[in-house]
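Visitor: Got a structure for you, questions after.
The values are calculated or read from the model by the stated rules, or taken from the named source; none is laboratory data. No experiment lies behind these values; they were computed from the predicted model shown. Here Cβ is always computed from backbone atoms with ideal geometry, including for glycine, and neighbour counts include all displayed protein chains. We work out accessible area using only protein heavy atoms, side chains counted, and drop any ligands, DNA or RNA first. Shrake-Rupley method; radii C 1.70, N 1.55, O 1.52, S 1.80 Å.
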Amino acid sequence: QEAIQAFGAASVAAPGSSLALSNLGDEYLQIGDFTKATECLKKSLSLQPDFDAAAANTSLALRYQGKFEEALPFALKSVELNPSDDMNWLELGDCYSSLGNRQNEAKNAYLRAAKEAERHLRTDATDGPGWMLLALYRVKSGSPQDALSFEERAESLGADDMDSQLYKVRILELLGKREEALATLSACFRRGATALQIAPFPDLQSLRKDPRYRKILQAKSLTPAMG
């Protein structure tokens, strides 16, 4: 809420600042106010039409609301604007996956994400979160054989940030390791992650129906978040 106030003040002070509006939209995403998030991100994009991150996050905000068809043009715009950013391709892949009948296009997007991540890791092989993302891309694009070794490399390089650990949940679930996925997710919840954060992941739909997941949620509601 403090960040929202700060970015809100910044956007008022500099109404022509695309970045301030994009940051404000990102904060609204964090608290689950998707209508305001979408509004801010679309404004940011209108001020700076070549802002790929604003386009990708607009797609994400719309997917949170179940507006998958509406999200797709923004995901496509993000990869058109910045095709070298693997996370733009991840958003496009997740967008196609959410549509259900676009699985081939989803796979192609994940393949391109892997290609861009590999290119990045050739210049910075110590990027732990980058290796975690590559593991996810490999599983999602149908090449799971290297995923666990990449995930282990990510861990050895300190990929303990919340986003990386939530990607790890997706990797474990896709590899059929539900027990480990739930244990990792439980650890994330103890650190302050929310059910909201995994809502847009199309590959965790089955996990969210698992009674053990509901138990983890109940335990979270009874336990204060840790730093």
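Visitor: Answer yes or no: is there a residue in region 175-182 that is at pLDDT below 95 and assigned to a helix (DSSP H, G or I).
Guide: As a first pass, look at region 175-182 and keep what is at pLDDT below 95: none.
Checked region 175-182: no residue is at pLDDT below 95 and assigned to a helix (DSSP H, G or I).
Visitor: Let me ask you something else. Inspect all residues belonging to region 133-155 and state whether any of them is modelled with pLDDT of 95 or more, open to solvent by 50 Å² or more (accessible area, probe 1.4 Å), over 27 Å from Gly192 (Cβ atoms) and among the hydroxyl-bearing types (Ser, Thr, Tyr).
Guide: So far as region 133-155 goes, no, none of its residues is modelled with pLDDT of 95 or more, open to solvent by 50 Å² or more (accessible area, probe 1.4 Å), over 27 Å from Gly192 (Cβ atoms) and among the hydroxyl-bearing types (Ser, Thr, Tyr).
Visitor: Mind listing just one residue for me: the one in region 28-81 that is aromatic (Phe, Trp, Tyr) and in a helix (DSSP H, G or I) and, of those, modelled with the lowest pLDDT?
Guide: Within region 28-81, the match that is modelled with the lowest pLDDT is Tyr28.
Visitor: How many residues does region 37-55 contain that are open to solvent by 10 Å² or more (accessible area, probe 1.4 Å) and within 21 Å of Ser84 (Cα to Cα)?
Guide: 7
Visitor: If I ask for residues that are open to solvent by 70 Å² or more (accessible area, probe 1.4 Å), modelled with pLDDT under 95 and under 18 Å from Arg170 (Cβ atoms), which ones from region 85-132 would you list?
Guide: Passing the criteria: only Gln103.
Visitor: Between residues in region 179-191 that are under 11 Å from Tyr213 (Cα atoms) and residues that are open to solvent by less than 60 Å² (accessible area, probe 1.4 Å) and of a type in the set (Phe, Trp, Tyr), which pairs lie under 8 Å by C-beta distance while being six or more apart or on different chains?
Guide: Leu182/Tyr213; Leu185/Tyr213
Visitor: Still on this structure, I have one more. Using the structure shown, decide if Arg170 is among the basic types (Lys, Arg), under 18 Å from the mean Cα position of the chain (by Cα) and open to solvent by 60 Å² or more (accessible area, probe 1.4 Å).
Guide: Considered against the rule, which asks whether it is among the basic types (Lys, Arg), under 18 Å from the mean Cα position of the chain (by Cα) and open to solvent by 60 Å² or more (accessible area, probe 1.4 Å), Arg170 comes out as no.
Visitor: Now, a different point. Has region 194-207 got any residue that is open to solvent by 60 Å² or more (accessible area, probe 1.4 Å), among the hydrophobic types (A, V, I, L, M, F, W, C) and at pLDDT 95 or above?
Guide: No - not one qualifying residue is present in region 194-207.
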